[in-house]
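The structure under discussion appears below in the form of structure tokens.
The values are calculated or read from the model by the stated rules, or taken from the named source; none is laboratory data. All figures in this text were calculated on a predicted structure; none of them were measured in a lab. Ideal geometry is used to build each Cβ from the backbone, glycine not excepted, and the neighbour counts take in all protein chains shown.
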């Protein structure tokens, strides 16, 4: 029970709320990716793939939380052939390149009009889930490292271990994402322009991951602001088009 003593302090509850919100925000790109790759599946399999992907994301995050010391050791820099790198950088680089590749391919399909019913039926459930697992690992690194970094000062402030806060915030954020993932997925699928914005967002996140792998740290807040601004503008356009058709 000593791990939950932190909730006897007001700081513990404040950190829990802040960290839960942070985890949800960091999970947005994960939800968007899952929504886009599951859109390739027949309707009957979409929910299965989506829920499986989010459950896998939860499991991966919990496993990584249990290996925080190992996770943080991945930042150790190694020098080989005159180049400095770490395992974490390699993982970020692979994830970033995969996101850029996947987003570009999906954009090409949408622009070309190749994403028809026949294409969706041919998509395999296990192949989609495999892609989700790969990207879950990348996004889980980002999520857990951010959570650990944010809670570094909690133990000094309260005298309690902050690990319970991280675990609970991950569970809360995943529950929220599972509740709204279906609605987000349907919304992205119903509006092609929204899907293109989402794909552009994922491609940008991929570029940020590649940049981070080479040591350039760009605040993601700029990307999230751009996404929100683009969505607001497009929602206004959708509303305007609906109003014009009613006249």
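Just one of the listed residues (38, 75) is out of contact with any strand residue (DSSP E or B) (no Cβ under 7 Å at 6 or more places or on another chain) and modelled with pLDDT of 70 or more, namely 38.
Scanning the range 20-33 for residues that are in a helix (DSSP H, G or I) and over 9 Å from residue 172 (Cβ atoms) yields 21, 22, 25, 26, 28, 29, 30, 31, 32, 33.
Set side by side, the residues 172, 154 differ, and just one is modelled with pLDDT of 80 or more and crowded, with 17+ Cβ neighbours inside 10 Å, which is 172. Residue count for the range 206-217 under the criterion of being modelled with pLDDT under 85 and within 13 Å of residue 142 (Cβ to Cβ): the result is 4.
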